[in-house]
Amino acid sequence: MNIIEKQSGAAFKIQKGQRLKVVDPKGEQVSDMVLFNAKDKREKISSGKTLDFEENILITKGDFLWSNRSNKMMEILEDTNGRNDFLLAPCSPETFKIMYGNNDYHPSCFENLYTNLKKFDIEPDDIPTAFNIFMNVQFQPDGKLSVDPPLSKAGDYVIFKAQMDLVVGLTACSAEDSNGGSFKPIHYEILE
Ligand SMILES: [Zn+2]
């Protein structure tokens, strides 16, 4: 089991057919995940394509994560919590400035994604909307959104099966409001 310490991230490769298990070890902790085709980084995970093809804004067990080229990148095999978000972009320095008036340095998923993905020649402008595992975004009939504390309990996990060779970026999210006000680690494991 690999550990992503609180407010940090990781990037790694996984091969077609391998499975990725992402665990919330303490509960109420979001993990942002981005995917790139390992053979051509211009192909990457797409929120728009996924919500379109799955005909749902709540993506969970049985669904696929699709690319900007309309190819399947991951299948969700297990999801013990069942609530994830695919609407909101990774938290960034600007998130904390614009939404919370924080002009000081603040760790963010965006920074943790691009710094870890640099070794795969992926740049900040390449980072797409992430699949936000365990993130609890609620929406009203009028479209109003709210970011609520995750519903995940200690030990909840999601298992993904790679549909192509992938570069994966993964974080333990750094935004107070997304994580019930405290920051915890994320665990992950690559299974054959
Ligand atoms: Zn975040």
Cβ-defined net charge surrounding M164, 13 Å radius [Lys, Arg +1; Asp, Glu -1]: +4
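Which of the peptides 95-101, 138-144, 156-162 is most tightly packed, and how do the rest follow, going by the mean number of other Cβ atoms within 10 Å of each residue? Mind dumping the intermediate values first?
Working: 95-101: 13.6, 138-144: 7.9, 156-162: 21.9.
Per-residue mean Cβ counts within 10 Å order the peptides as 156-162, 95-101, 138-144.
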Mind listing the Cα extents of region 14-118 along all three principal axes, in Å, largest one first? 42, 32, 26
Give me Rg/Rg_expected for the chain, where Rg uses Cα atoms only and Rg_expected = 2.2 N^0.38 Å with N residues. 0.94
Amide H to amide H under 5 Å from C91: which residues, 5+ apart in sequence or cross-chain, H placed 1.01 Å off N in plane? C109, F110
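S146 to E176: extension gain in nm, 0.36 nm per residue of separation minus the Cα-Cα distance? Provide the component values of the computation, followed by the final result.
Numbers: separation 30, 0.36 × 30 = 10.80 nm, distance 1.34 nm.
Roughly 9.5 nm would be gained on extension.
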Modelled label-to-label distance, I98 and E78, 7 Å Cα→beta-carbon offset: nm? 3.8
Exposure rank, largest accessible area first [E94, E54; 1.4 Å]: E94, E54
In a shell of Cβ-Cβ distance under 10 Å around P124, excluding P124 itself, what net charge do Lys and Arg (+1) and Asp and Glu (-1) give? -3
Would you kindly derive the ³J(HN,Hα) couplings of region 155-160 from the backbone phi angles with the Karplus curve 6.51 cos²θ - 1.76 cosθ + 1.60 (θ = phi - 60°), listing them in order in whole Hz, with x for Gly and Pro? x, 4, 8, 10, 10, 10
Alpha carbon centroid spacing (whole Å) that separates region 1-63 from region 141-169: 8
Just to check I understand the Karplus step: with θ = phi - 60° and J = 6.51 cos²θ - 1.76 cosθ + 1.60, what whole-Hz values come out for region 97-106, glycine and proline as x? 6, 6, 8, 10, x, 8, 9, 7, 4, 9
Greater than 21 Å apart at Cα, pairs in K97/K153; K6/K41; K72/K184; K41/K118; K41/K161; K61/K153: K97/K153; K6/K41; K72/K184
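The values are calculated or read from the model by the stated rules, or taken from the named source; none is laboratory data. Everything numeric in this text was worked out from a predicted model, so none of it was measured. Using ideal geometry, Cβ is built from the backbone for each residue, glycine included, and neighbour counts are taken over all protein chains shown. The accessibility values were calculated without ligands, DNA or RNA, using every heavy atom of the protein model including side chains. Shrake-Rupley method; radii C 1.70, N 1.55, O 1.52, S 1.80 Å.
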